[in-house]
Structures are given as C-alpha cells and as structure tokens.
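Shown next, in structure tokens, is the structure this report addresses.
The values are calculated or read from the model by the stated rules, or taken from the named source; none is laboratory data. Computed from a predicted model, the values in this text were never measured in an experiment. Every residue, glycine as well, gets a Cβ built from its backbone with ideal geometry; the counts of neighbours run over all protein chains shown. We work out accessible area using only protein heavy atoms, side chains counted, and drop any ligands, DNA or RNA first. Shrake-Rupley method; radii C 1.70, N 1.55, O 1.52, S 1.80 Å.
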Amino acid sequence: MGAPTLAVFKLASCDGCQLTLLDCEDELLGLAGQMEITHFLEASSAVRPGPYDLTLVEGSVTTPADAERIREIRAASRHLVTIGACATAGGIQALRNFADVEEFTRTVYARPDYIDTLATSTPVSAHVDVDFELRGCPVDRRQLLEVITAYLAGRRPDIPDNSVCFECKRRGTVCVTVAHGTPCLGPVTHAGCGAICPAYGRGCYGCFGPSGSVNLPALIPVLHRDGMDDRDTERFLHTFNTAAFEEESRR
C-alpha cells in the first residue's frame with residue numbers, strides 16, 4: 001500500500017482555513033513525508049483524482065453547484081472533515097438565511113438573472129455525512145494538525161468540547177465580564193482559539209461557534225446587565241456562526 005492521500009477542497013469561504021494549513025510550514029513538511037497531498041489548489045495546481053483517504057473541506061454550500069460538488073467529494077473520500085465556521089455552521093454568509101436573497105441579488109448585481117444561488121448558506125453536514133467538524137474562524141493550527149495526525153494514526157481527534165472560559169482559566173486571564181462588565185460570549189463558545197480576545201481585555205465574539213454545553217437563557221440576562229439591549233444581543237450572536245447560535249437559541 002502507498003502513503004495515505006490528503007485532499008483539500010473549498011466551497012463558499014474566504015480561504016482563511018486553508019491558509020492556516022499552509023501556515024503550519026515546518027509541520028506540514030513533516031506531514032508531507034507521511035502522506036501524499038493529491039489535491040490542494042491553494043498550494044499547487046498539480047492534482048490527482050480520488051479516492052482520498054482524508055479530505056478537508058472549507059466553506060459552506062450556497063449554490064446548486066456546491067451541493068452537487070460536495071456529494072461528489074464525499075463519494076471520493078474515505079474520511080471527510082469539515083474545517084472552519086463556514087463548513088461547520090454556514091459561516092457569516094448564513095445571514096442570508098434570515099433575509100430575502102432575491103432582494104440582495106437585485107441590489108448588488110446589475111444582472112441578477114446571471115446569479116444561480118440558494119436561498120440559504122448551510123454547513124456541509126446538511127448535505128452529506130461528515131466524519132468530524134473542526135470549528136473556528138479560522139481554525140486553530142494546533143487543532144488542525146491534531147485532526148490530520150489523528151486520522152493518519154487511525155484514531156479519533158482529541159479536540160476538547162468545552163468553552164472559552166476554560167482557556168481563560170488555563171492561561172490565568174481575569175474574566176472580563178466579572179472584572180469589567182464586558183459583554184463576552186466565552187461561556188457559550190467552543191474552545192480552540194486560546195482565549196485571545198479576553199487576554200487583551202476584549203469579550204469573546206464566538207468565532208468557534210457554540211460549545212458542547214450552551215446555556216443562552218442564562219447568558220442573555222448577563223449581556224443585558226452589561227449594557228446590551230435585545231438588538232445588540234441579536235447582532236452579537238449573528239456573526240461568524242450565526243446559524244449555529246440561532247439554532248441554540250431555539251432550543
């Protein structure tokens with residue numbers, strides 16, 4: 001048997017998660033000796049058709065072509081992992097899910113009849129089976145390397161499902177909400193960023209989406225206490241993972 005094959009594909013996204021993989025640099029060179037990268041257009045125009053042992057997919061499904069393409073990718077992949085907020089939750093472009101897409105296209109494009117788009121932006125898991133979802137906007141390089149090496153080793157990735165609050169405690173960061181009354185989504189946001197924003201005195205913006213134990217009914221009164229009205233709170237939750245937090249708010 002030859003070396004395991006890795007493929008990286010992009011749907012509707014900004015490419016930031018693919019760039020995170022490229023930013024791994026030395027680690028990526030080491031991994032390249034353990035596997036064969038057969039499709040990664042962000043890195044090379046040299047590609048080979050599947051099947052692939054491990055496929056990473058960035059981006060959400062926003063067009064009929066995306067929906068068909070992800071089915072083809074799934075069929076060619078032994079393991080399929082989605083990376084980033086777009087692929088796991090629909091991304092910031094899922095704001096369209098709560099508006100009139102036809103009105104958007106009429107406003108933005110001179111010839112809206114040329115635009116073939118879906119009414120919603122949805123995660124890859126809404127269309128095909130996904131083996132693992134790695135969250136973040138963009139994903140964390142350490143977690144990304146853990147996912148790749150885990151599948152190379154034939155084991156489940158060791159990615160914690162706790163909140164950003166755990167990361168604040170680990171790095172000794174004083175809680176910005178308790179100490180300063182700063183609105184923060186850390187208690188309901190998936191860990192992985194290293195609590196970057198609270199470490200610099202800012203509240204968490206929810207880049208990694210909902211954690212495994214979300215309690216929005218308990219958090220929202222705290223946001224109100226710290227100066228946010230209903231409109232502010234809605235905007236706070238409707239960013240990188242808008243569809244995922246909206247789903248949590250309905251539970």
Which residue, of T182, T107, T117, T149, is within 30 Å of T5 (Cβ to Cβ), over 16 Å from the mean Cα position of the chain (by Cα) and among the hydroxyl-bearing types (S, T, Y)? T149
Residues in region 139-146: is at least one polar (S, T, N, Q), crowded, with 17+ Cβ neighbours inside 10 Å and in the same structural domain as A76 (by the TED database)? yes
Those helices (runs of 4 or more DSSP H) completely within region 132-227 that have 1 or more residues that are in contact (Cβ under 8 Å) with a residue 40 or more places away in the chain are 141-153, 164-171, 176-180, 216-225
Which ones in region 77-100 are assigned to a loop (DSSP other than H, G, I, E, B) and surrounded by fewer than 16 Cβ atoms within 10 Å (Cβ to Cβ)? A99, D100
Kindly indicate whether I70 is among the β-branched types (V, I, T), over 20 Å from Y151 (Cα atoms), out of contact with any Cys (no Cβ under 7 Å at 6 or more places or on another chain) and open to solvent by 50 Å² or more (accessible area, probe 1.4 Å). no
Answer yes if at least one residue in region 18-28 is in a helix (DSSP H, G or I), more than 15 Å from I148 (Cα to Cα) and of a type in the set (D, E, K, R), and no otherwise. no
Is it the case that region 15-28 has a residue that's in contact with a Phe, Trp or Tyr (Cβ under 9 Å, 6 or more places away or on another chain), touching a residue at least 40 places away in the same chain (Cβ under 8 Å) and not charged (D, E, K, R)? yes
